[in-house]
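Accompanying notes for the structure given below.
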Amino acid sequence: MTAETTRLRVRVSPGAGRTALVGRQGDAWKVRVTEAPERGRANEAVLRLLAETLALPRTALTLVSGHGGREKIVELTGVGPALIERRLASATGEDRGRRERR
């Protein structure tokens, strides 16, 4: 039996003042990392941030597209899309913001 895989679209701002998951930007999640986009440092920072936020081992994440650009696709193994969305929304406060604005 194979583990479930999910692909996540991410838009990255490297060289930011602090590393953070910002929130939704269209169909992607906006991420800021302090690392410069040199020799894969920013890519690795994005994967570490997502792994920590999603409570997954770093080895469960693979960058499959966008190695040299801001738009990236990350493949996550062992977690479904609904759980990913809940955890990311919770980490950015997007779920609280929707409830508070009502």
Members of the stretch 32-73 that are surrounded by fewer than 17 Cβ atoms within 10 Å (Cβ to Cβ) and of a type in the set (Ser, Thr, Tyr):
Thr34, Thr59, Thr62, Ser65
Determine the pairs where a residue that is on the phi > 0 side of the Ramachandran plot, located within the stretch 64-82, has a partner that is small (Gly, Ala, Ser) and surrounded by 15 or more Cβ atoms within 10 Å (Cβ to Cβ) with Cβ atoms under 9 Å apart, the partner being 6 or more residues away or on another chain.
Gly78/Ala60
Restricting the search to the stretch 29-48, which residues are within 16 Å of Glu71 (Cα to Cα) and within 13 Å of the chain's Cα centre (by Cα)?
Trp29, Lys30, Val31, Arg32, Val33, Ala42, Asn43, Glu44, Ala45, Val46, Leu47
I'd like the full set of residues that are of a type in the set (A, V, I, L, M, F, W, C) and closer than 15 Å to Val64 by Cβ, limited to the stretch 1-28.
Leu8, Val10, Val12, Ala28
Of the conditions (1) in contact with a helix residue (DSSP H, G or I) (Cβ under 8 Å, 6 or more places away or on another chain); (2) at negative phi, Lys30 fails just one. Which one is it?
(1)
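Every residue, every condition in (1) at pLDDT below 95; (2) touching a strand residue (DSSP E or B) at 6+ places or on another chain (Cβ under 9 Å); (3) of a type in the set (Asp, Glu), yes or no:
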residue: Glu4; (1), (2), (3): yes, yes, yes
residue: Arg11; (1), (2), (3): no, yes, no
residue: Trp29; (1), (2), (3): no, yes, no
residue: Asn43; (1), (2), (3): no, yes, no
residue: Val64; (1), (2), (3): no, yes, no
residue: Lys72; (1), (2), (3): no, yes, no
residue: Leu76; (1), (2), (3): no, yes, no
residue: Ala89; (1), (2), (3): yes, yes, no
Among residues belonging to the stretch 7-31 that are among the β-branched types (Val, Ile, Thr) and under 18 Å from Arg86 (Cα atoms), point out the one that is surrounded by the most Cβ atoms within 10 Å (Cβ to Cβ).
Val31
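The values are calculated or read from the model by the stated rules, or taken from the named source; none is laboratory data. None of the values given here were measured: they were computed from a predicted structure. All Cβ positions, even for glycine, are placed from backbone atoms using ideal geometry, and neighbour counts span all protein chains on display.
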